[in-house]
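Student: I am attaching a structure below and will ask some questions about it afterwards.
The values are calculated or read from the model by the stated rules, or taken from the named source; none is laboratory data. Remember, predicted model here, so these are calculated numbers, not experimental data. All Cβ positions, even for glycine, are placed from backbone atoms using ideal geometry, and neighbour counts span all protein chains on display. Accessible surface is based on the protein model in full, side chains and every heavy atom, while ligands, DNA and RNA are left aside. Shrake-Rupley method; radii C 1.70, N 1.55, O 1.52, S 1.80 Å.
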Amino acid sequence: MPASKLDPIDRQILSELQDDGRMTNVELARRVGISAPPCLRRVRALEEAGLIRGYHAEVDSRALGFEVQVFAMVSLLRQAESDLSAFEDRCRAWPLVRECHMLNGEIDFILKCVAPDLSSFQSFLTGELTAAENVASVKTSLVIRGAKDVPGVPFDVLEARLAQEA
């Protein structure tokens, strides 16, 4: 369902839940200016439409002992769809890989990995990632510090674009 098909209340519901997925339905209804029963119906409809894919706690990986975060740029030997899908399936099975994105250009995939320490990541890198079938090369960059990590979409940009289209 494209954003232009959503009414302003649905978009506000999505924005509010993106910022705080733990709020009660009553609080959400208050924030968007409708009563609780229709708010709950709208949330369920947004879930069924796939616009809300889940609710997650944002955990502090470093506080949990995952001190190392690395971006791995992976080039494959072959890029046939079956090869790309096979690599994506492999990434889904690796616990240290938290994100996997296929790119265009020189690099085929970028992976966001977390590990308890550099030794653990190195073992994964040499024992699993670079040894995986069809992997031609891997370049890694160790994250020193993060300046921004905001999930979701910028709803203010969406609203501005929809206002221009109207």
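Student: Considering each of R22, R78 in turn, give the residue that is within 22 Å of the chain's Cα centre (by Cα) and either over 28 Å from A166 (Cβ atoms) or modelled with pLDDT under 95 (or both).
Tutor: None of the other options fit; the residue is R22.
Student: I need the full set of residues from the range 64-87 which are in contact (Cβ under 8 Å) with a residue 60 or more places away in the chain and open to solvent by 40 Å² or more (accessible area, probe 1.4 Å), in order please.
Tutor: Q69, F71, M73
Student: Examine the range 49-62 for a residue that is of a type in the set (S, T, N, Q) and over 19 Å from I9 (Cα atoms), and state whether such a residue exists.
Tutor: Yes, because at least one residue in the range 49-62 is of a type in the set (S, T, N, Q) and over 19 Å from I9 (Cα atoms).
Student: Check the range 108-122 and report whether any residue there is surrounded by 13 or more Cβ atoms within 10 Å (Cβ to Cβ), farther than 30 Å from L17 by Cα, of a type outside the set (F, W, Y) and touching a Phe, Trp or Tyr at 6+ places or on another chain (Cβ under 6 Å).
Tutor: Scanning the range 108-122 turns up at least one residue that is surrounded by 13 or more Cβ atoms within 10 Å (Cβ to Cβ), farther than 30 Å from L17 by Cα, of a type outside the set (F, W, Y) and touching a Phe, Trp or Tyr at 6+ places or on another chain (Cβ under 6 Å).
Student: If A93 passes every condition in (1) open to solvent by 70 Å² or more (accessible area, probe 1.4 Å); (2) in contact (Cβ under 8 Å) with a residue 40 or more places away in the chain; (3) not basic (K, R) but one, which one does it miss?
Tutor: (2)
Student: What strands (runs of 3 or more DSSP E), lying completely within the range 13-119, carry at least 2 residues that are under 22 Å from P154 (Cα atoms)?
Tutor: Result: 97-102.
Student: Next up: Looking for something open to solvent by less than 50 Å² (accessible area, probe 1.4 Å), under 30 Å from G50 (Cα atoms) and basic (K, R) - is there at least one such residue anywhere in the range 134-149?
Tutor: no
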